[in-house]
1. Can you tell me the FRET efficiency between residue 198 and residue 148 if r is taken as the Cβ-Cβ distance and R0 is 35 Å, rounded to the nearest 0.05?
2. Just to confirm a number: summing +1 for Lys and Arg and -1 for Asp and Glu over residues other than residue 294 whose beta-carbon lies under 13 angstrom from that of residue 294, what do you get?
3. Once R0 is set to 56 Å, what does the formula 1/(1 + (r/R0)^6) return for the Cβ-Cβ distance between residue 68 and residue 323, expressed as a FRET efficiency to the nearest 0.05?
4. Net charge near residue 42: determine it from the other residues with C-beta under 12 Å of the C-beta of residue 42, scoring Lys and Arg +1 and Asp and Glu -1.
5. Excluding residues on the same chain fewer than 8 positions from residue 53, give the aspartates and glutamates whose Cα lies under 15 Å from its Cα.
6. State, as an integer percentage, the relative contact order of the chain based on alpha-carbon contacts under 8 Å between residues 6 or more apart.
7. Note down the magnitude of the dipole of the chain about its Cα centre, charges +1 on Lys and Arg C-beta and -1 on Asp and Glu C-beta and zero elsewhere, to the nearest 20 debye.
8. Quick check: net charge around residue 102, other residues with Cβ under 15 Å of its Cβ, Lys/Arg +1 and Asp/Glu -1?
Amino acid sequence: MMKNKFLELAAPGVQQLQPYLPGKPIDELERELGINNSIKLASNENPLGPSLKALEAAKSVIGDVNLYPDGAGFKLSEALAEKHSTNIDSITLGNGSNDVLELIARAFLTNEHSAVFSQYAFAVYPIVTQAIGAKANVANAYPADHPTMPYGHDLDSIYNAIDDLTRIVFIANPNNPTGTWLDINVLIDFLNKVPETIIVVLDEAYYEYMPDELKPDSNGLLKQFDNLILTRTFSKMYGLAGLRIGYSVSHPDVADIINRVRQPFNANLIAQEAALASLSDEQHVANSIASNTLGLKQLANGFTQLGLTNIPSIGNFITVDVKQNAMPIYDALLHEGVIVRPVANYQLPNHLRITVGTESQNERALGALEKVLKG
Ligand SMILES: *Cc1c(COP(=O)(O)O)cnc(C)c1O
């Protein structure tokens, strides 16, 4: 690539930054290859779509978009406070939870501090850390041959990566792109050990997909640990990725700090209304869980039949080892009209991350994979 003539003007952290690579949009693929009927299983979107209640709510306010949204997001924040058994001053809304992750980094990190996260952790943590010029202390994950949680977050190694400069620890449970999760008691021991002067961000983007027995009592943990921040999103289970809405729950003093760097209208009008309505659609959540549970099994069984193994996952995606450089496989799948996600940028060059689709989408993905692997 040609050298950027403004590179030297950029902030030092930004000069080194590799931008986030999103999943390839369907339109782009079809434009490039001149094909149609492709499917996207690349960004962990809900294949069932959004709740119909959310769509109704979005439509009902579309005529009001000449007005700024409620900058405090009162109605949505109030509902979220109730959902998390806390007060409204604990909630911070974001333009997606990525926005909140960035706000947290900007509020607590400087170029004289460090952030800690695991190898294979969600790509946004290194990006927001690097953009500020803070140091990234990357903890080793469990090895590939770990008996129960290959590639998973190792909280001992995360704890050991904390140094005198550390201000933030980012932990995703379940993690993306691995789908791995944390043992509840190990998480509690970890939170007990970490000093209160270090902010622990527990990213629960896939919380709703977790089997109940694996869900930590996150609201209870918040009451116990004032330095804990939970982040959640409406992009995954709630099917509102395109509207960009997420949030954090924290001690009010932590929320106060995050709010100082937040733009006043970062959560838009339509997103606020749709998110609020989707909270009341328990049937949509139940349907999404049921579909995902079947889909995870379908994909894992399909991989086994192809002689492949996957990382154990409780998210709405599953990451499979294709036992060779995954990039040509990814490209060949694109030509079959199936968009998945290469994860070489996560140091997983032989893996592909596949979002759980509908039954027929999963079947199509498995069929395409079989065809491509046979070459
Ligand atoms: C998808 C995802 C998010 C959130 O994305 P937003 O659309 O910005 O809410 C956050 N964390 C993880 C681990 C994710 O996979």
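The values are calculated or read from the model by the stated rules, or taken from the named source; none is laboratory data. On a predicted model such as this, the values are computed, not experimentally measured, just so you know. Cβ sites come from the backbone with ideal geometry, for glycine too, and all protein chains shown count toward neighbours. Each accessible area value is taken on the protein alone, full model and side chains, heavy atoms only, with ligands, DNA and RNA left out. Shrake-Rupley method; radii C 1.70, N 1.55, O 1.52, S 1.80 Å.
1. Values: r = 27 Å, r/R0 = 0.78.
The calculated FRET efficiency here is 0.80.
2. Details: positive: 297; negative: 359, 363.
Combined, the nearby Lys, Arg, Asp and Glu give -1.
3. Working: r = 53 Å, r/R0 = 0.94.
In this case the efficiency is close to 0.60.
4. Working: positive: 24, 40, 341, 353; negative: 28, 45.
Taking every other residue near residue 42 into account, the sum is +2.
5. The qualifying aspartates and glutamates are 273, 281, 282.
6. Values: 712 pairs, mean separation 86.2, N = 375.
For the chain, the relative contact order is 23 percent.
7. Values: 27 positive and 41 negative charges, 186 e Å.
In debye, rounded to 20, the chain gives about 900.
8. With Lys, Arg at +1 and Asp, Glu at -1, the neighbours total +3.
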